[in-house]
Amino acid sequence: MKGRYGGRHMTIYGSVLPGALRLANWAARTDLSPKAKRKLKVVDWLRKHHGNVSLASRHFGFTRETIITWRNNFNRFGMLSLNDKSHKPKHLRHTATDWNIVDQIVKIRNQYPAWSKYKIKAILKRNDMIVSASTVGRILKKKGLVDKKVSRKRYKAAKNPKQRYPRGLRITCEGDMVQIDTKFVTLLGGRMIYQFTAIDVLTKRRVLRYYSSLLSKNGAHFLKVCLEEFPFAIKAVQTDNGKEFLKDFDALCKKLGLTHYFIEPAHPKQNTYVENSHGSDEREFYQQGKINCDIESMYEVLADWERIWNYQRPHEALGYLTPDEYLRTLKQLPLLPKEAIVLQT
C-alpha cells in the first residue's frame, strides 16, 4: 500500500503494524513542523522494530535519552507534542531605568541624531542623570533609534580591529616598513588610471605600476611585484583603508607572514613618505608632459621614471644620494642609532 508521509512517498506496513495507516494519515492532516515530522519518523521506526531504543539510536544517530523522550511524549500527548515548544523565558527582565531618563535620551537623540551613546551619557550627567553608556545604547535600540547599517559596520570593525603601527616604531633597516598607496592619473582623452606606488621608508627606493582599476586583486598583484622588484626582504607594509588593500591584498599579507599596518581613517600624514613621493611625481613627472593617451605607452614612461628615481635623482633626505647609492652605503656602514627613522602616530 502506498501513501504520502512528510512530503515523501513511503511504504505503509498496515498489515504488519496495526494503526500505521491511521498514524500516517493523521500526520498528513496535522500541523507538524518539518522537525516534528523527522521525530515522528524516528518514533514510527522505533515502534516497527519492537521498541528497541538502542537499535534506533545507532540507526538515526540520536542519544537513547532523546529517543526515549520523544517516544514518551508521543505516547502521552500525541504527535503534536513533537513540535518544538517556545524557548521564551517564563520570567522576563524588565528595565529599571526611570522613564524621565528614557524620555531625555529619546529627546537628545532626536535633536542630535549623529551623537553617540557616550555623548548622550555625558549630557545626562550634566543634568544629574547618572546612567551607563550601555543602558543608553539599549534604550536607543529598543526605541528604534539606531541605524542598523552603521551599527553592523561598527560591530564588525570592533570584532576585527585593524592593526596600527605602534607609536615610536623605529625603522633601522631596509624593508622594515614599505608604504603603499595609489594615485589617480587622467590620460589624454579623459581616461582615468591608477598608479600604485610602494616606497621603502628608509632608503626611499620605489616600485611603480599602473592598473586600470582599484580592485584588491590588483593590490595583491602589485604586492607580488614589490616582493620581486625590491632588492631586499619586505618585513612590513603600511596602507590606507582603501578597498584595494583589503580582501585579496590583506589575505596575501597574512599568507606570506607580512605585517600589514593600516593608517587611521582620514590621517594621510601617517603615510607621509608615499604621499610626499606622489607630490614629486606630480611636479617632476606629470606636469612635465609625461602623459599619453593610452595606458600601454604609459607603462614604458613610468618604468623610465622609476629608474630615474632609484638610480639618478639625488634625494635631499638621503644626503643627496640616490636610493641605490644609499642602500649600498648601508651595506658597508651600519646605521647609527640617531639616524634611525622614528614613526609617530
Cα-centred dipole magnitude for the chain, charges only on beta-carbon of K, R (+1) and D, E (-1), debye, nearest 20: 3800
Residue of Asp248, Asp98, Asp281 that the Gaussian network model of the chain assigns the largest fluctuation, springs spanning Cα pairs under 10 Å: Asp98
Order of Ser280, Ser54 - criterion: other Cβ atoms within 10 Å of each residue's Cβ, fewest first: Ser54, Ser280
Residue with peak Gaussian network fluctuation, the chain [Cα springs, cutoff 10 Å], from Leu256, Leu80, Leu302: Leu80
Sites excluded, chymotrypsin sites (Phe, Trp or Tyr not before Pro) in DSSP loops with at most 14 other C-beta within 10 Å, longest stretch of the chain: 116-319
Cα-based Rg / Dmax (Å) for segment 99-159: 11.5, 34
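Any read-out appearing in this document is the output of simple, stated calculations on the displayed coordinates, not a laboratory observation. Computed from a predicted model, the values in this text were never measured in an experiment. Note that we place each Cβ from the backbone using ideal geometry, even for glycine, and neighbour counts take in every protein chain shown.
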